[in-house]
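For reference, the structure is listed below as structure tokens.
The values are calculated or read from the model by the stated rules, or taken from the named source; none is laboratory data. This one's a predicted model, so the numbers in the text were calculated from it and none came from an experiment. Cβ atoms come from the backbone with ideal geometry, glycine included; neighbour counts cover every protein chain shown. Calculation scope for accessible area: heavy atoms of the full protein, side chains included, ligands and nucleic acids excluded. Shrake-Rupley method; radii C 1.70, N 1.55, O 1.52, S 1.80 Å.
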Amino acid sequence: MTGFVTSLLILVLAAPKGPAVRFVNPEGLAKSPRYSHVAEISRGKLVLISGQVAQDASGNLVGAGDMAAQTRQVFENLKIALAASGATFKNVVNLTSFIVDMSQLEKYREIRTEYLKGMSEPPTSTTVGVPRLVREGYLLEVEAIAVVP
């Protein structure tokens, strides 16, 4: 991923002003309504957001054992982080999600879809099932990449 991010950063810094993102679903790959296969970035400011977990501003776990509550808190945290760089979910080009219990995937997807409403195309996305996250009780972690003017 480091090489990808470095190449992307060089491309973004060398480009003209204003964001330009083109989402592509190449022929020969199954199209999904939840994600795009390719995000082509030709200009803009690259924003990398660390994985967010279901914790409040004081660091307390929100929604113990409740995937819906934790997902909502994670996306609220992402919204705060995006806003700190002048971005919104409409600027997100990639989401990477780590989920402890994949049987809860549909709950995650429902809430993720609420936050991504209004996007012309969904971002590129990877979802990975993991045995555990950094602290006991967290059910998911989501990191994001955005491009803004």
(request) Out of PHE89, PHE75, report the one residue that is over 25 Å from GLY137 (Cα atoms), touching a helix residue (DSSP H, G or I) at 6+ places or on another chain (Cβ under 6 Å), surrounded by 15 or more Cβ atoms within 10 Å (Cβ to Cβ) and touching a residue at least 24 places away in the same chain (Cβ under 8 Å). (result) PHE89
(request) Working only within the range 1-37, note down all residues that are among the hydrophobic types (A, V, I, L, M, F, W, C), modelled with pLDDT of 65 or more and loosely packed, with under 12 Cβ neighbours inside 10 Å. (result) LEU29, ALA30
(request) Would you check which residues across the range 38-65 are of a type in the set (A, V, I, L, M) and either closer than 18 Å to GLU141 by Cα or open to solvent by 40 Å² or more (accessible area, probe 1.4 Å) (or both) and list them? (result) VAL38, VAL47, LEU48, ILE49, VAL53, ALA54, ALA57, LEU61, VAL62, ALA64
(request) Only residues that are among the hydrophobic types (A, V, I, L, M, F, W, C) and in contact (Cβ under 8 Å) with a residue 24 or more places away in the chain: list them for the range 28-60, please. (result) VAL38, ALA39, ILE41, LEU46, VAL47, LEU48, ILE49, VAL53, ALA54
(message) Based on this model, can you work out whether THR96 counts as surrounded by 15 or more Cβ atoms within 10 Å (Cβ to Cβ), modelled with pLDDT of 95 or more and touching a Ser or Thr at 6+ places or on another chain (Cβ under 7 Å)?
(response) yes
